[in-house]
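Scroll down for the structure; my scribbles are underneath it.
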Amino acid sequence: MKNGFDNDKYLRIQSEHIKERIAKFGNKLYLEFGGKLFDDYHASRVLPGFQPDSKLKMLMQLADMAEIVIVISAVDIEKNKVRGDLGITYDKDVLRLRDEFQNLGLMVGSVVITHFKGQEGAKAFKRKLKRLNINCYYHYMIADYPNNVALIDSDDGYGKNDYVETSRPLVVVTAPGPGSGKMAVCLSQLYQEQKRGVKAGYAKFETFPIWNLPLKHPVNLAYEAATADLNDVNMIDPFHLEAYGETTVNYNRDIEIFPVLNAIFEGIYGENPYKSPTDMGVNMIGYCIFDDEACREASNQEIIRRYYNAVDNLVEDKGSENEVNKIALLMKQAKIAPEDRKVVVPANERGAKAGAPAAAIELTDGTIITSETSNLLGTCAALILNATKYLAGIDHKVKLIPKDMIEPIQDMKINYLKGNNPRLHTDEVLVALAMLSPTNENCKKAIEQLPKLNGCQVHTTVMLSEVDRKIFKKLGVNVTMEPVLKKSRRK
């Protein structure tokens, strides 16, 4: 994929802008961190050149002045909400995030459990944090939040919450996912700090939507596709337009809540330091795009990928028709279709010709490699072998794994492990390659090509097993699937 984003420039000017914002508020800033802090793969897909850990690297430049507060909703704890990209529950991700931050030398001050109203799961999690010597605080549900400003800005509202002890000028408030209550934690702290005579400010670190790109720019449309399940909608910021005569983009939740935030700020400070939701943001990312066309194309591809993901989730009873319909509408706005994903047509054509599950991969040089299911291999296992052979310059006719090695594995799967599918999955093929590599130069060469699959695109004509999906994710391959359930059958 052609690069279109200057990552080094972003790290430099974003950190400088945050320092300016800290100074503006008397050297104490609560910075709400939206999106993924460690591994923002969405940003890296729509802004080619953006590194998934860019925001973390930027924060590392401010490590001496920063501490981190991790927020989790008691509601999410109670229902065991899972972070989709990692497959772990939010409470486990809180511990993962803390360990990751601390291993990098960043200070994690505490954990805040929001939306608390006595949930047993939240109590148990707090006890667990206490055993791990992690400071933990409760922030409570406030009746008619966020509309009852008089109650919110009172000792029975924000004043009822636990005061979160902090010690550094920059307090980064982050969470495993959206809807955790990060903004409310920041505003609650402003109220509590003001009561203690401490001048403190608030700002919002948001990557998307990008305020200084057009409303219907594919990068911003891709953000809507990514949040289709939340019903987020990009909008022109009317408050910014009125205050400055400048057209900027924000999203509906921040625009809808701004009149309430304005009243809350006025209750805390006497006046609101911000004239618009856009003013609240610290986002220099739009200034770092140097190839707009490359970012447009990457974003269009992301919208299609999100569409397939939504359709697949619907088939598996994990999604909604509303999400599918919304992303379909976004595709119309972007004037794109599923077939504009380069691997879709080759995969479907091979599947139709073979009368069997098939797949296609687009390599970084633009080459399309296809595969189909056989009696020995699943289509994805065959695809990896075909792709690595091409990359290693090995003749396609060469069999990397001999049939007499595959058949005993199949016998084990069916006759001893009572499986239904005798074909080798991707993980089994990779293990077989590893076993053969000490004595087989071709297998060794094939394994050495695996890092080159990172960032490649795959499409399959059937929905994959969890094993194959995880292997592709570990290899850094972006996968889409036709919403067709695969039938397992014996030889």
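What to note about this one:
- R0 of 22 Å, Cβ-Cβ distance residue 320-residue 243: FRET efficiency to nearest 0.05: 0.05
- Placed amide H near residue 173: partners under 5 Å, 5+ positions off or other chain: 31, 32, 33, 69
- Largest first, the three principal axis extents of the alpha carbons in segment 305-364 are 34, 27, 21 Å in whole numbers.
- Here the gap between residue 337 and residue 130, fully extended at 0.36 nm per residue and compared with their Cα-Cα distance, gives a gain of 69.4 nm.
- Rounded to the nearest 500, the helix-only mean residue ellipticity at 222 nm of the chain stands at -13500 deg cm²/dmol, with each DSSP H run of n ≥ 4 adding -39,500 (n - 2.57).
- Sequence-ordered 3J(HN,Hα) estimates for segment 221-232 from the Karplus curve with 6.51, -1.76 and 1.60 and θ = phi - 60° stand at 5, 5, 5, 4, 5, 5, 10, 4, 6, 9, 6, 6 Hz, glycine and proline given as x.
- To the nearest ten degrees, helix 344-354 and the longest principal axis of the Cα atoms of the chain are 30 degrees apart.
- Theoretical gain in end-to-end length, residue 420 to residue 199 [0.36 nm per residue, Cα-Cα removed]: 73.0 nm
- Degrees separating the helix 252-269 axis from the principal Cα axis of the chain, which is the longest one: 30
- Stokes-Einstein D (µm²/s) once Rh is taken as the Kirkwood radius of the chain over alpha-carbon pairs, at 10 °C in 1.306 mPa s: 64
- Rounded to the nearest whole Hz, the Karplus-based 3J(HN,Hα) values (6.51 cos²θ - 1.76 cosθ + 1.60, θ = phi - 60°) of segment 366-371 follow the sequence x, 5, 9, 10, 10, 7, with x at glycine and proline.
- Rounded accessible area of residue 282 (nearest 10 Å², 1.4 Å probe): 0
- When the P(r) is computed for segment 126-236, the part past 21 Å accounts for 52% of the Cα-Cα pairs.
- Sites residue 88 and residue 431, calculated FRET efficiency, Cβ-Cβ separation with R0 25 Å, nearest 0.05: 0.55
- Within segment 314-443: Cβ-based charge dipole about Cα centre, in debye rounded to nearest 20 (Lys, Arg +1; Asp, Glu -1): 220
- Charge sum, other residues only, whose C-beta stays under 15 Å from residue 107's C-beta, Lys/Arg counted +1 and Asp/Glu -1: -3
- The label point for residue 397 and the one for residue 143, both projected 7 Å from the Cα toward the Cβ, are 8.2 nm apart.
- Between the amide H of residue 235 and those of 250, 251, 252, distances stay under 5 Å, these residues lying 5 or more places away or on another chain, with hydrogens modeled in the peptide plane.
- Taking all pairs of distinct alpha-carbon atoms in segment 63-155, Kirkwood radius in angstrom: 14.4
- Where trypsin sites (Lys or Arg not before Pro) fall in DSSP loop in segment 344-434, at most 16 other Cβ within 10 Å: 397, 399, 418
- Under a 5 Å amide H cut-off, with hydrogens placed 1.01 Å from N, residue 89 pairs with 83 among residues at least 5 apart or on other chains.
- Residue by residue, segment 152-162 carries 3J(HN,Hα) couplings of 4, 7, 8, 5, 8, x, 4, x, 7, 5, 4 Hz when phi is fed to the Karplus relation 6.51 cos²θ - 1.76 cosθ + 1.60 (θ = phi - 60°); x denotes Gly or Pro.
- Projecting the Cα atoms of 86, 105, 424 onto the charge dipole of the chain (Cβ charges, centred on the Cα centre) puts 424 farthest toward the positive pole.
- Gain upon complete extension [residue 266, residue 287; 0.36 nm per residue less C-alpha separation]: 4.4 nm
- Annotation for residue 470 and residue 123: the two label points, set 7 Å from Cα along the Cα-Cβ direction, are 3.5 nm apart.
The values are calculated or read from the model by the stated rules, or taken from the named source; none is laboratory data. These figures come from a predicted structure and were not determined experimentally. Positions of Cβ are backbone-derived with ideal geometry, glycine not excepted, and every protein chain shown enters the neighbour counts. When the accessible area is computed, the model is the full protein with side chains, heavy atoms only, and any ligands, DNA or RNA have been set aside. Shrake-Rupley method; radii C 1.70, N 1.55, O 1.52, S 1.80 Å.
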